[in-house]
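Colleague: Structure in structure tokens, see below.
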Number of protein chains: 4
Amino acid sequence: MAKRALAAVLQEIRPPEERPLRLEEMEIPPLEEGAILARVVMAGVCGTDVHILHGHVPIRLPTILGHENVARVEAIGGDRPVLDITGREVRVGDLITWLPKSCMRCYNCTILGDPAKCEHRIGYGGWLPADRHPYLVGGFAEYVWLLPGSDVVILPSGISPEAVVLGDALRIMVHGLERIGGLDYGDVVVIQGCGPVGIMGLLLARDAGASRVIVIGAPASRLALARAFGADETIDITQVPVQERIQRVLELTDGRGADVVLECAGVPAAVAEGLEMVRINGRYLIAGHYGDAGKVPLNPHVINKKQITITGVWSATNRHFLRALTLLRKVHVDPLITHRFTLKEVNEALIAAERQEALKVVIEP
Amino acid sequence: MAKRALAAVLQEIRPPEERPLRLEEMEIPPLEEGAILARVVMAGVCGTDVHILHGHVPIRLPTILGHENVARVEAIGGDRPVLDITGREVRVGDLITWLPKSCMRCYNCTILGDPAKCEHRIGYGGWLPADRHPYLVGGFAEYVWLLPGSDVVILPSGISPEAVVLGDALRIMVHGLERIGGLDYGDVVVIQGCGPVGIMGLLLARDAGASRVIVIGAPASRLALARAFGADETIDITQVPVQERIQRVLELTDGRGADVVLECAGVPAAVAEGLEMVRINGRYLIAGHYGDAGKVPLNPHVINKKQITITGVWSATNRHFLRALTLLRKVHVDPLITHRFTLKEVNEALIAAERQEALKVVIEP
Amino acid sequence: MAKRALAAVLQEIRPPEERPLRLEEMEIPPLEEGAILARVVMAGVCGTDVHILHGHVPIRLPTILGHENVARVEAIGGDRPVLDITGREVRVGDLITWLPKSCMRCYNCTILGDPAKCEHRIGYGGWLPADRHPYLVGGFAEYVWLLPGSDVVILPSGISPEAVVLGDALRIMVHGLERIGGLDYGDVVVIQGCGPVGIMGLLLARDAGASRVIVIGAPASRLALARAFGADETIDITQVPVQERIQRVLELTDGRGADVVLECAGVPAAVAEGLEMVRINGRYLIAGHYGDAGKVPLNPHVINKKQITITGVWSATNRHFLRALTLLRKVHVDPLITHRFTLKEVNEALIAAERQEALKVVIEP
Amino acid sequence: MAKRALAAVLQEIRPPEERPLRLEEMEIPPLEEGAILARVVMAGVCGTDVHILHGHVPIRLPTILGHENVARVEAIGGDRPVLDITGREVRVGDLITWLPKSCMRCYNCTILGDPAKCEHRIGYGGWLPADRHPYLVGGFAEYVWLLPGSDVVILPSGISPEAVVLGDALRIMVHGLERIGGLDYGDVVVIQGCGPVGIMGLLLARDAGASRVIVIGAPASRLALARAFGADETIDITQVPVQERIQRVLELTDGRGADVVLECAGVPAAVAEGLEMVRINGRYLIAGHYGDAGKVPLNPHVINKKQITITGVWSATNRHFLRALTLLRKVHVDPLITHRFTLKEVNEALIAAERQEALKVVIEP
């Protein structure tokens, strides 16, 4: 078993262009019963990582970012079998990923019944500190050290590391769709935002029975990707002003508005705009506001009169990840990975993620 | 059959204190097949009437206000039986009320399947003009002239005229509860606003399985009424500032927030306040914004993080009125009628309704 | 306008092989305001037609069968525009279909809010008698005479007559999916029966987010068609006994059972079998028992212990037909029409429909 | 701490009248960290206990029955605080109850998200064997020995031991109501069966917004109790034959049938009868078939045509118990305890429970 590992440690919150991540060599703690040491194969750079570096998402410092990971099992602590969340035994050499771990004992896990809102969730890649056991707590590193009882998933056949990395955004949309009660067959869906969450929303809506999907966002390169992945119509927010965007959606829907609008933009103003695009009795999902981006003036009369239902979605549970595999098996999503970096280039990777030319950036240590 | 009738006609939008309603004697048109002439027994003064006089709700002038009515059938046009919405034959002498008439042919009625959002709804008391047939189009008059095919309900036994007048607000809350998926048994419910809609929300929540109902509003007299009608806790907005109100709700709910918050206030700021009172995965109903009272800054991150569901409700359908009778049979609501006026005092009635000492004002021509 | 039309009249209930339909020449009544005379282009032969000829579905005699129709408008009564259910004006020369007409006035239409259960539904093709106005009341004829106010749909671009005929079964499955609350994304779906309803269920499940669809039925030719149209697995009931069928579904689902089972077989025993195939908390739709085929012994303990939800679905509303167009635009369903006959061969068409080698039989007068 | 305890041990499945339970003196094992020793104050005799003695519910022998318990904490193992399911610290002297313990790690707990269907549920009173640690595994004893991590609830103020014992049936009905989507406000509810589950269903339906509750069962003494607790109508199955019972429900519902029928009878034939009592689009809950009582012939056409939704409910989760407290605070249920016995009379208690004159039997050791 390896003794030491390189890791990109974040000591202080600073924006990507200031290159805040520093490579450090860390000692690998010995494995206790049920723990797993795994060599990172691919780590996705998520918009949340960028938000963290701008101070919009609270984390514990120092830490190692990287919460969308695929790794190969190098060693397993102890003799007892370690099972993945579907009950398969994990073995050395397996390609795995792992999900945020809900405690299954807190009020939200047991009484509320929603592990996505666990009060003591353990997340690798920003939510565990790197200056105490088990130290290797994020994917921007050569190795990760997984605590006993981690929610590991052995990659099923037909699922590439790229698919798993993109599956992190997808599982949130699977959860979001569940929270709005699923699509009604034939719904017209508008998607605000064409980052990874928006594009996953597009693919999901198409596979879940939408009759038409309209994607609104920028830049043009991402919208082109959206069209290549099946968007029936795209609207470039750098070219078309707000009122015309609303008008365009109404034109495409006989003046009635879309059945469902999925907000994947993370910009408060998008909510005001999106509510104008929803039809009477339509549904609006807020999926892009994981970080606090501030307020927007909204008119309750619009919600009242159109009887709109607005719902928020927060992260996802293991079920949603497993269900997300459905799509990842059907659609070849690898081309959505537009940029690849080595671990040494981790700050460049974050800069690329911040500039929106990239759709999805990964690090391959 | 009577030939002429007094009616309080609204020619011009002006606030209640300017006494905009003028009594006029109008000719009663002869009855065509299926039409009904009915003598008004009681007409409720609704908050919407006040909003109309302030120009916040669009109507067609001239008109006769009064959309919460009980009347006694004086004559029926033609020979064929006229049925109420439950299939009972309407006869001279019956006490009746009538509901907004949905066309059942438009897109919203047929394809959307929601007659509450009918595109051609016929409402007495502000939505039909008084300068053309059938002229007597509102309850603030001696008589009303009901068009053939009106959605009439013969008052069931055990239902007083007072109950029917209050039932107009209640049916909206029955609809609202339906739109949020009903209460889960044992829900803690916060009600924002203690006008007739809020008080009806209180009674309904109590009878639909709430474990505790907290009413927030003013003035003290209405809150006293709320307590008398079963509120477990009331908070006076003239005495307790916003942050303390939120704090109080959190204290009463182990720091978690209410399961359900029903907005019955009509004030945009109430929505921002109420969203702070809802628990994780809780539900928020916007029922008070029938009129356009403007915007309020809201933070989408709050909705996203707490996974709140917000829903609007608009008016109601015949089903909701019939279901509202359940409550009106169980609870003696007549004491909620705090002020009674004659038709000649119609402007005074509106002034009383505007000043919030009154809970519910009626006119008995 | 044509004066006379050939029609296949059913005078007496007798099985297909006794050739019960007789061609008669009938006079075409003059058109009243809003009525439409249309020349039949294609009429589907439905399993229900076969059930009618075996006396399992009550109808009024004499009648003209044929309730899945596409026709070309030959004349329109009166001068006023006649609109289809989406608001488009119907014109001479348009290809149209029409749906069962709900009254929108009865208890089920208004209070229950479900036009699929209209108490006075008007259906062409067996539910109107052929010995009184308007006589031409079914699609197995040269012409149909559509009553004013009929729920007509002008064929949208990209929708073939074949697609419309198959859409009659599809709209029922769209309705059925709605009644079970839609698929959860990634559901494993079992379909019992591979007639037109089952095949439409297969196509719909695939397009509504199923991860895997298993079709159970016979004969082999239909199962081959199911595989060609995307079934992941088929089980031939003539080759595999009941217990093995159940076992096979359990094997394919890690021993848990399917998330959703759609009964499209019309055989009571299928329900007992299907309940063994549903997982804990799974859903079971009964869509195949439009006719009364008798009882089957079921064990309530199975439903109790697995917390299964069973739902029935009856016909569909206009909304479901419009939503069904989503699929008919995406999938080229024409190959599912396996047999075509002329009007003179109408009895042969029914015999072919009864023998299950055919998947879908149509008549092209 | 006590050293020895009397317990009624079941060694062999035999019916109550054969007095299968034998009092044995057992050693009390020393307490490990987090374990609780509690002196039984009251133990309910459940219909399930009777079914167990008839061999209809699989259990592990030898065992100690008694799964509806209230006990007083005598000792707590170790020094660390032990919390109840709401987070309150359990202390010596507290009155407590405890719920079946779900593992929160199996597929059903985590992926399916339903701890009521936990694959490894630990239940006291029949599901743990009495011949191995911790031996005192049921409420028909002087003491119970609760495993560390048990789902304990400190009795909230205002909740009597009697209420807790009855709450065991109530929580299942709270769960059942949740599974059918809650009552729609004003629903007419039929309850089949007037044992504790049926009576709890009655109380719950009344408090959850039913407009009318009809209870069908026997004997007369229980129906009298049902009326005393608010049933609007009762039907005695020993006096009124099946067809007349159905007829009576139709008469009471304008010929339409009940909105909701709750099966709490445990008799397969009740399901066939009940489906005839449900209205179009109505809902049917199977709550009484915890034990396997065999099959009943049902007609799928009835479900199909009326679009009935049938759902089963199995046990309950902690949430449902906490929600059940709402009712137990509002309604004084103690009079529903009709028979009380000492531990020495445990076989008599079971005989009384089997004879249906008793509504609810308890043992007070």
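The values are calculated or read from the model by the stated rules, or taken from the named source; none is laboratory data. Because the structure is predicted, anything quoted here is derived from the model rather than measured. Cβ sites come from the backbone with ideal geometry, for glycine too, and all protein chains shown count toward neighbours. Only protein heavy atoms, including side chains, enter the accessible area calculation; ligands, DNA and RNA are left aside. Shrake-Rupley method; radii C 1.70, N 1.55, O 1.52, S 1.80 Å.
Colleague: All but one of (1) modelled with pLDDT under 95; (2) farther than 24 Å from C:GLN11 by Cα hold for C:GLY123; state the number of the condition that does not hold.
Modeller: Of everything listed in (1) modelled with pLDDT under 95; (2) farther than 24 Å from C:GLN11 by Cα, C:GLY123 misses just condition (2).
Colleague: Would you check if B:VAL213 is in contact with a His (Cβ under 9 Å, 6 or more places away or on another chain) and either open to solvent by less than 10 Å² (accessible area, probe 1.4 Å) or away from chain A (no Cβ under 14 Å) (or both)?
Modeller: Values: in contact with a His (Cβ under 9 Å, 6 or more places away or on another chain): no; either open to solvent by less than 10 Å² (accessible area, probe 1.4 Å) or away from chain A (no Cβ under 14 Å) (or both): yes.
No; evaluated as a whole, the condition is false for this residue.
Colleague: I'd like to know if the range C:127-142 contains one or more residues that are part of a strand (DSSP E or B), in contact (Cβ under 8 Å) with a residue 40 or more places away in the chain and open to solvent by less than 30 Å² (accessible area, probe 1.4 Å).
Modeller: Checked the range C:127-142: at least one residue is part of a strand (DSSP E or B), in contact (Cβ under 8 Å) with a residue 40 or more places away in the chain and open to solvent by less than 30 Å² (accessible area, probe 1.4 Å).
Colleague: A follow-up question, please. Write out, first by first residue and then by second, each pair whose Cβ atoms fall under 7 Å of each other, whose residues are 6+ apart or on separate chains, and whose first residue, in the range D:340-355, is among the aromatic types (Phe, Trp, Tyr) while the second is surrounded by 19 or more Cβ atoms within 10 Å (Cβ to Cβ).
Modeller: Cβ pairs passing all conditions: D:PHE341/D:ALA349; D:PHE341/D:VAL361; D:PHE341/D:ILE363.
Colleague: Would the range B:70-84 turn up any residue that is within 26 Å of A:ASN281 (Cα to Cα) and surrounded by fewer than 23 Cβ atoms within 10 Å (Cβ to Cβ)?
Modeller: Just the residues of the range B:70-84 that are within 26 Å of A:ASN281 (Cα to Cα), to begin with: none.
The answer is no, given that none of the residues of the range B:70-84 is within 26 Å of A:ASN281 (Cα to Cα) and surrounded by fewer than 23 Cβ atoms within 10 Å (Cβ to Cβ).
Colleague: So in the range A:297-350, with the set limited to residues that are touching an Asp or Glu at 6+ places or on another chain (Cβ under 6 Å) and among the aliphatic types (A, V, I, L, M), which one is nearest to the other protein chains (Cβ to nearest Cβ)?
Modeller: Applying the filter and picking the extreme gives A:LEU327.
Colleague: Tell me, which residue of the range D:114-126 that is part of a loop (DSSP other than H, G, I, E, B) and either within 14 Å of another protein chain (Cβ to nearest Cβ) or among the charged types (D, E, K, R) (or both) is surrounded by the most Cβ atoms within 10 Å (Cβ to Cβ)?
Modeller: Residues of the range D:114-126 that are part of a loop (DSSP other than H, G, I, E, B), as a first pass: D:114, D:118-121, D:123-126.
When the remaining residues are screened for being either within 14 Å of another protein chain (Cβ to nearest Cβ) or among the charged types (D, E, K, R) (or both), the result is D:114, D:118-121.
Details: D:ASP114: 17, D:CYS118: 23, D:GLU119: 13, D:HIS120: 12, D:ARG121: 17.
Among them, the one singled out is D:CYS118.
Conditions tested, residue by residue: (1) within 19 Å of the chain's Cα centre (by Cα); (2) in contact (Cβ under 8 Å) with a residue 40 or more places away in the chain; (3) farther than 30 Å from C:ALA358 by Cβ; (4) in the same structural domain as C:ALA265 (by TED's automatic domain parsing).
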{"position": "C:ALA8", "(1), (2), (3), (4)": "no, yes, no, no"}
{"position": "C:PRO20", "(1), (2), (3), (4)": "no, yes, no, no"}
{"position": "C:GLU27", "(1), (2), (3), (4)": "no, yes, yes, no"}
{"position": "C:VAL50", "(1), (2), (3), (4)": "yes, yes, no, no"}
{"position": "C:GLY66", "(1), (2), (3), (4)": "yes, yes, no, no"}
{"position": "C:ASP84", "(1), (2), (3), (4)": "no, yes, yes, no"}
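Colleague: From the list D:LEU183, D:LEU202, D:LEU177, D:LEU170, exactly one residue is at pLDDT 95 or above and in contact with a Pro (Cβ under 9 Å, 6 or more places away or on another chain). Which is it?
Modeller: Numbers: D:LEU183 fails: in contact with a Pro (Cβ under 9 Å, 6 or more places away or on another chain); D:LEU202 fails: in contact with a Pro (Cβ under 9 Å, 6 or more places away or on another chain); D:LEU177 fails: in contact with a Pro (Cβ under 9 Å, 6 or more places away or on another chain).
Residue meeting the stated conditions: D:LEU170.
Colleague: Among all residue pairs at least 6 apart or on different chains, which show Cβ distances below 9 Å where the first residue, located in the range A:167-196, is touching a residue at least 60 places away in the same chain (Cβ under 8 Å) and closer than 16 Å to A:VAL331 by Cβ and the second is charged (D, E, K, R) and assigned to a strand (DSSP E or B)?
Modeller: Within 9 Å, the pairs are A:GLY167/A:GLU68; A:ASP168/A:GLU68; A:ALA169/A:GLU68; A:ALA169/A:LYS360; A:ILE191/A:GLU263; A:PRO196/A:LYS360.
Colleague: Another question about this same structure. What tally of residues in the range B:127-158 results from selecting those that are within 14 Å of chain C (Cβ to nearest Cβ) and either among the charged types (D, E, K, R) or under 17 Å from B:PHE321 (Cα atoms) (or both)? Working first, answer last.
Modeller: Start the filter on the range B:127-158 by keeping residues that are within 14 Å of chain C (Cβ to nearest Cβ), which leaves B:148-153.
Checking which are either among the charged types (D, E, K, R) or under 17 Å from B:PHE321 (Cα atoms) (or both) leaves us with B:150-153.
Residues that pass the stated criteria total 4.
Colleague: Next question, about the same structure. Can you name every residue in the range A:181-202 that is within 14 Å of chain C (Cβ to nearest Cβ), open to solvent by 10 Å² or more (accessible area, probe 1.4 Å) and of a type in the set (A, V, I, L, M)?
Modeller: A:LEU183, A:VAL188
Colleague: A further question on this structure: Among the residues of the range A:352-365, write down those that are closer than 22 Å to A:ALA224 by Cβ and not in a loop (DSSP other than H, G, I, E, B). Let's see the steps before the verdict.
Modeller: If we filter the range A:352-365 for residues that are closer than 22 Å to A:ALA224 by Cβ, which is where we start, we get A:352-362.
Selection gives A:ALA352, A:ALA353, A:GLU354, A:LYS360, A:VAL361, A:VAL362.
Colleague: Quick check: is even one residue across the range C:227-250 buried (at least 24 other Cβ atoms within 10 Å of the Cβ) and more than 9 Å from every other protein chain (Cβ to nearest Cβ)? Let's see the steps before the verdict.
Modeller: Initial filter on the range C:227-250 (buried (at least 24 other Cβ atoms within 10 Å of the Cβ)): C:231, C:249.
Add one more test, that the residue is more than 9 Å from every other protein chain (Cβ to nearest Cβ), and what stays is C:231, C:249.
For the range C:227-250, residues buried (at least 24 other Cβ atoms within 10 Å of the Cβ) and more than 9 Å from every other protein chain (Cβ to nearest Cβ): present.
Colleague: Quick check on B:GLY266: is it in contact (Cβ under 8 Å) with a residue 12 or more places away in the chain and surrounded by 22 or more Cβ atoms within 10 Å (Cβ to Cβ)? Spell out the reasoning first.
Modeller: Numbers: in contact (Cβ under 8 Å) with a residue 12 or more places away in the chain: yes; surrounded by 22 or more Cβ atoms within 10 Å (Cβ to Cβ): yes.
So B:GLY266 fits the description; yes.
Colleague: Tell me, which strands (runs of 3 or more DSSP E) lie completely within the range D:196-290 with 1 or more residues that are within 26 Å of C:GLY113 (Cβ to Cβ)? Lay out the reasoning, then the answer.
Modeller: Working: elements: D:212-217, D:233-236, D:258-263, D:278-286.
In the range D:196-290, the matching strands (runs of 3 or more DSSP E) lie at D:212-217, D:258-263, D:278-286.
Colleague: Also, I was wondering about something else. Give the residue that is most open to solvent (accessible area, probe 1.4 Å), with candidates limited to residues of the range A:168-180 that are more than 20 Å from A:ASP49 (Cβ to Cβ) and either of a type in the set (D, E, K, R) or at the interface with another protein chain (Cβ under 7 Å from one of its Cβ atoms) (or both).
Modeller: A:GLU178
Colleague: For the range A:15-45, how many residues meet the condition of being open to solvent by 50 Å² or more (accessible area, probe 1.4 Å), farther than 15 Å from A:GLY138 by Cβ and not charged (D, E, K, R)?
Modeller: 1
Colleague: Within the range B:1-113, considering only strands (runs of 3 or more DSSP E) that don't extend past its boundaries, which have at least 3 residues that are in contact with a Lys or Arg (Cβ under 7 Å, 6 or more places away or on another chain)?
Modeller: Working: elements: B:4-10, B:21-27, B:36-45, B:68-76, B:95-99.
Here the list reads B:21-27, B:36-45, B:68-76.
Colleague: Could you run through the range C:85-107 and say how many residues are in contact with a helix residue (DSSP H, G or I) (Cβ under 6 Å, 6 or more places away or on another chain) and away from chain B (no Cβ under 14 Å)?
Modeller: Summing the residues that are in contact with a helix residue (DSSP H, G or I) (Cβ under 6 Å, 6 or more places away or on another chain) and away from chain B (no Cβ under 14 Å) in the range C:85-107 gives 1.
Colleague: For B:LEU146, work out the one condition from (1) farther than 17 Å from B:GLY34 by Cα; (2) crowded, with 23+ Cβ neighbours inside 10 Å it doesn't fulfil.
Modeller: (1)
Colleague: Check A:TYR284, A:TYR290 and return the single one that is touching a helix residue (DSSP H, G or I) at 6+ places or on another chain (Cβ under 9 Å) and either assigned by TED's automatic domain parsing to the domain that holds A:ASN108 or modelled with pLDDT under 95 (or both).
Modeller: Numbers: A:TYR284 fails: either assigned by TED's automatic domain parsing to the domain that holds A:ASN108 or modelled with pLDDT under 95 (or both).
On inspection, the qualifying residue turns out to be A:TYR290.
Colleague: Then there is this: Which residues, counting only those in the range C:95-113, are free of Cβ contacts under 8 Å to residues at least 40 places away in the same chain, open to solvent by 20 Å² or more (accessible area, probe 1.4 Å), on the phi < 0 side of the Ramachandran plot and not polar (S, T, N, Q)?
Modeller: C:CYS103, C:ARG105, C:TYR107, C:LEU112 - these are the residues of the range C:95-113 that are free of Cβ contacts under 8 Å to residues at least 40 places away in the same chain, open to solvent by 20 Å² or more (accessible area, probe 1.4 Å), on the phi < 0 side of the Ramachandran plot and not polar (S, T, N, Q).
Colleague: Please verify whether B:GLU364 is over 23 Å from B:VAL188 (Cα atoms), open to solvent by 10 Å² or more (accessible area, probe 1.4 Å) and modelled with pLDDT of 95 or more, treating the condition exactly as stated.
Modeller: Values: over 23 Å from B:VAL188 (Cα atoms): yes; open to solvent by 10 Å² or more (accessible area, probe 1.4 Å): yes; modelled with pLDDT of 95 or more: yes.
Here the answer is yes, as B:GLU364 does meet what is asked.
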